[in-house]
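Working notes for the structure below.
The values are calculated or read from the model by the stated rules, or taken from the named source; none is laboratory data. A quick note: this is a predicted structure, and the numbers were derived from the prediction, not measured. Cβ coordinates were reconstructed from backbone atoms using ideal geometry, including for glycine residues, and neighbour counts include every protein chain displayed. With ligands, DNA and RNA removed, areas are computed over all heavy atoms of the protein, side chains included. Shrake-Rupley method; radii C 1.70, N 1.55, O 1.52, S 1.80 Å.
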Amino acid sequence: MGFVSLYRKYRPVKFSDLVGQTGVVKTLKNSIRYDRIAHAYLFAGPRGTGKTSMAKVYARALNCRDDEEVEPCGVCDNCRRIESGQSMDVIEIDAASNRGIDEIRELREQVKYQPGEGGYRVYIIDEVHMLTDQAFNALLKTLEEPPDNIVFILATTEPHKVISTVLSRCQRFDFSLLTEPEIAKRLKYICSEENVEYETEALNMIAYSSNGGMRDAISILDQAISFSVGALTPEKIEDLLGKINISVLSELAASISQGSSSDSLDIIKDLQQRGRSVDRIVSDLLDYMRKIVLVLNDGYEIATSGISEARKTRLKEDSQLFSRSEAGKIMQELIELDSRLRYADRPDILLESSLIRLCENSAGIQETSSAAGIEKLQRRVDNLEKSLEKLTAGEKGEDQKVQISSRKKVENKKSYPESSETSKKETAEKSIEREKTEKKEARESPDSSAKEKISEVEPEGVDLPWQKILHEIRSHDIKTHAKLKESLPPRLEDGRLILEFPEEKEFHCNQARKEKQFISRVVNKNFDKGVEVIIRLQGESEFDGEDLDSSSANQSQEAEDSNQEPNLLKELQQRLGGEIITVSSQAVKKCQGGNNHGYEEDDAKSSADAEEDAAEAGGA
Ligand SMILES: [Zn+2]
């Protein structure tokens with residue numbers, strides 16, 4: 001005996017071999033038990049869901065001479081003849097390979113004769129929707145006057161293409177896609193019969209990627225067994241399928257949600273080095289994000305139907321990394337990316353730029369995600385609008401030379417920069433000087449400046465909403481949250497939040513320090529007045545290990561204000577839809593003072609615009 005594929009070797013011969021479709025099995029068994037055999041059945045459903053297998057088992061059961069059991073016995077003459085393909089009473093017609101007109105004509109001749117060997121003659125017509133109209137009509141005539149003991153089983157993946165007069169004469173069964181556990185169970189059975197060692201996750205992966213079809217699942221298993229040495233592992237299956245493991249996908253998604261473009265770029269680089277195509281990365285990530293979005297939108301049942309318990313748990317956990325809108329945006333971007341990839345010469349570049357954009361968005365979302373944050377933003381914009389009104393009315397302050405030409409509000413009028421380049425520079429230099437002095441002071445006498453601040457800041461009788469803060473941190477950045485959980489219970493002391501780590505948790509402490517700005521931002525959302533965050537090892541003195549520059553910047557209200565200025569301007573610009581023509585001296589100061597936070601682009605743009613406008617003004 002030569003090589004027999006696993007699919008053929010493990011074709012079901014009994015009802016109990018069939019996977020899933022329990023409703024169909026029950027009804028068919030009852031039809032035999034109570035002798036209510038229909039003349040024609042329609043088995044409709046996706047490929048690989050067991051339609052022809054079911055038809056063959058039914059044909060056997062109808063012809064088996066063992067009357068005790070509904071299941072075919074496998075030992076009587078009829079069973080053996082059918083099994084060896086010698087029976088004249090089970091006839092398979094593949095409508096897909098020949099459009100069927102001759103076969104159906106022949107069939108009409110044959111049906112006049114009674115089946116031999118007792119029992120039923122069963123015609124199994126696979127892909128029946130492929131028959132030509134003539135063949136359909138010939139078939140219909142037979143169905144209209146069905147001879148006794150003749151059974152038709154019509155199988156199709158596209159029941160809507162079967163003419164209604166045929167449909168109406170059939171008892172219809174709809175076959176559903178098999179679930180992941182159903183397929184995995186069958187694969188396990190085959191592996192144990194074949195003495196193949198396996199890890200359960202490997203079989204789950206095959207089941208998952210076969211999209212509910214048993215035939216595909218078994219042929220993947222067949223390949224996996226013949227190509228690999230030793231036990232089947234998830235890694236081997238991944239390589240065979242070119243698939244990406246769900247844990248890698250969730251890492252990638254987490255890095256996007258945390259706005260870490262470097263992490264996400266590393267992950268895709270690594271995947272590409274392991275031979276995963278951009279198409280594959282995008283489609284697997286899209287598939288994963290779709291499930292996350294479903295889970296977040298009360299679609300848990302849909303997202304997890306038919307998948308293994310391990311995957312369910314994973315999805316549930318991962319979905320907590322995202323807000324609804326965030327996940328939706330990521331999915332939207334991936335859908336667009338997916339459609340653009342088809343026409344791209346360099347899909348890798350498209351993927352990279354999409355990831356970077358997504359990361360930038362998430363970083364933005366992190367800053368303004370909470371309702372409180374949006375409210376705050378709204379207030380700031382309102383305030384800005386007020387000061388803008390004042391400005392246009394002519395009350396211009398030295399530090400607020402903000403001019404905006406708004407397309408909405410100022411239709412045809414254009415305003416031009418009034419402050420000269422030199423005066424801007426002068427102010428800028430002055431304020432750099434001022435900031436330097438302040439930093440120096442802060443460094444020299446941290447105690448005094450801290451105390452000074454405390455007296456203003458001390459929130460009287462305020463409890464520390466630490467759990468709330470932790471929760472919020474977790475929703476933005478699960479890694480930082482994990483670090484913070486290692487700290488000792490924090491305490492609020494003189495307007496400072498002291499976060500101490502046990503000595504053996506130095507690593508966590510250092511990692512938390514790196515995220516100090518972020519932590520501080522979340523902490524401060526919970527207080528009306530500024531709270532300084534101190535992160536240190538237990539027993540460390542006041543400022544050991546603190547980044548002096550950043551702590552002094554935190555202490556300097558002035559510096560904080562100036563940090564916000566370009567952001568406010570941006571917000572205002574977005575809200576009014578205008579262009580920034582001149583940016584205040586403070587932004588210029590930062591541009592020259594090396595204390596940049598990524599606003600160079602705006603500054604450059606604004607001065608370019610200013611020049612352009614000036615040129616136009618000269619021309620007019
Ligand atoms: Zn039998």
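Do we find a residue being among the small types (Gly, Ala, Ser), out of contact with any Ser or Thr (no Cβ under 8 Å at 6 or more places or on another chain) and not in a strand (DSSP E or B) anywhere in region 499-514?
no
Does Asp67 satisfy the condition of being at pLDDT below 95, within 20 Å of Asp148 (Cα to Cα), assigned to a loop (DSSP other than H, G, I, E, B) and within 16 Å of the ligand (Cβ to nearest atom)?
The answer is yes for Asp67.
Do you know which residues across region 38-64 are in a loop (DSSP other than H, G, I, E, B), within 16 Å of Ile153 (Cβ to Cβ) and of a type in the set (A, V, I, L, M, F, W, C)?
Once the filter is applied, which keeps residues that are in a loop (DSSP other than H, G, I, E, B), within 16 Å of Ile153 (Cβ to Cβ) and of a type in the set (A, V, I, L, M, F, W, C), region 38-64 yields only Ala38.
Taking only pairs six or more apart or across chains, which ones have beta-carbon atoms under 7 Å, a first residue in region 77-89 that is of a type in the set (Lys, Arg), and a second residue that is away from the ligand (no atom under 11 Å from the Cβ)?
Listed by first residue and then by second, the contacts come to Arg81/Ser87.
Looking for something touching a His at 6+ places or on another chain (Cβ under 8 Å) and closer than 25 Å to Leu42 by Cβ - is there at least one such residue anywhere in region 179-193?
Going residue by residue through region 179-193, those that are touching a His at 6+ places or on another chain (Cβ under 8 Å) are none.
The answer is no; no qualifying residue exists.
Just name the residue that is most open to solvent (accessible area, probe 1.4 Å) out of those in region 475-487 that are closer than 13 Å to Arg536 by Cα and in contact with a Leu (Cβ under 8 Å, 6 or more places away or on another chain).
Ranking the candidates gives Ser487 first.
Please enumerate the residues belonging to region 108-146 that are small (Gly, Ala, Ser), under 23 Å from Pro72 (Cβ atoms) and modelled with pLDDT of 80 or more.
Here is the first cut: in region 108-146, the ones small (Gly, Ala, Ser) are 116, 118-119, 135, 138.
Still in the list and also under 23 Å from Pro72 (Cβ atoms): 116, 118-119.
Gly119, the sole residue that qualifies.
Mind listing whichever residues of region 303-329 are free of Cβ contacts under 8 Å to residues at least 12 places away in the same chain and in contact with a Ser or Thr (Cβ under 6 Å, 6 or more places away or on another chain)?
Within region 303-329, Lys312 is the sole residue that qualifies.
Looking at region 79-137, which of the residues that are assigned to a helix (DSSP H, G or I) and of a type in the set (Val, Ile, Thr) is surrounded by the most Cβ atoms within 10 Å (Cβ to Cβ)?
Here the answer is Val128.
Tell me, please, whether a residue that is modelled with pLDDT under 85 and outside the structural domain of Ala217 (by TED's automatic domain parsing) can be found in region 147-164.
Just the residues of region 147-164 that are modelled with pLDDT under 85, to begin with: 147-148.
Those still in the list that are outside the structural domain of Ala217 (by TED's automatic domain parsing) too: 147-148.
Looking through region 147-164, at least one residue is modelled with pLDDT under 85 and outside the structural domain of Ala217 (by TED's automatic domain parsing).
When you go through (1) in the same structural domain as Leu321 (by TED's automatic domain parsing); (2) touching a Phe, Trp or Tyr at 6+ places or on another chain (Cβ under 9 Å); (3) open to solvent by 30 Å² or more (accessible area, probe 1.4 Å) one by one for Ser257, which number turns out not to apply?
Here Ser257 meets the rest and fails (3).
Could you list all residues from region 49-64 that are within 16 Å of the ligand (Cβ to nearest atom) and within 27 Å of Tyr208 (Cβ to Cβ)?
Quick first cut of region 49-64, residues within 16 Å of the ligand (Cβ to nearest atom) only: 56-64.
Val57 - this is the single residue of region 49-64 that is within 16 Å of the ligand (Cβ to nearest atom) and within 27 Å of Tyr208 (Cβ to Cβ).
Are any of the residues in region 71-88 out of contact with any Phe, Trp or Tyr (no Cβ under 8 Å at 6 or more places or on another chain) and more than 16 Å from the ligand (Cβ to nearest atom)? Outline the logic, then answer.
Within region 71-88, the first condition is being out of contact with any Phe, Trp or Tyr (no Cβ under 8 Å at 6 or more places or on another chain), and the residues that meet it are 72-88.
Now narrow it down to the ones that are more than 16 Å from the ligand (Cβ to nearest atom): 88.
Scanning region 71-88, I find at least one residue that is out of contact with any Phe, Trp or Tyr (no Cβ under 8 Å at 6 or more places or on another chain) and more than 16 Å from the ligand (Cβ to nearest atom), so the answer is yes.
Going residue by residue through region 32-48, is there one that turns out to be small (Gly, Ala, Ser) and within 16 Å of the ligand (Cβ to nearest atom)? Quick ask: steps written out before the conclusion?
To start, the set of residues in region 32-48 that are small (Gly, Ala, Ser) comprises 38, 40, 44-45, 48.
Then drop every residue that is not within 16 Å of the ligand (Cβ to nearest atom), which leaves none.
Looking for residues that are small (Gly, Ala, Ser) and within 16 Å of the ligand (Cβ to nearest atom), one finds none in region 32-48, hence no.
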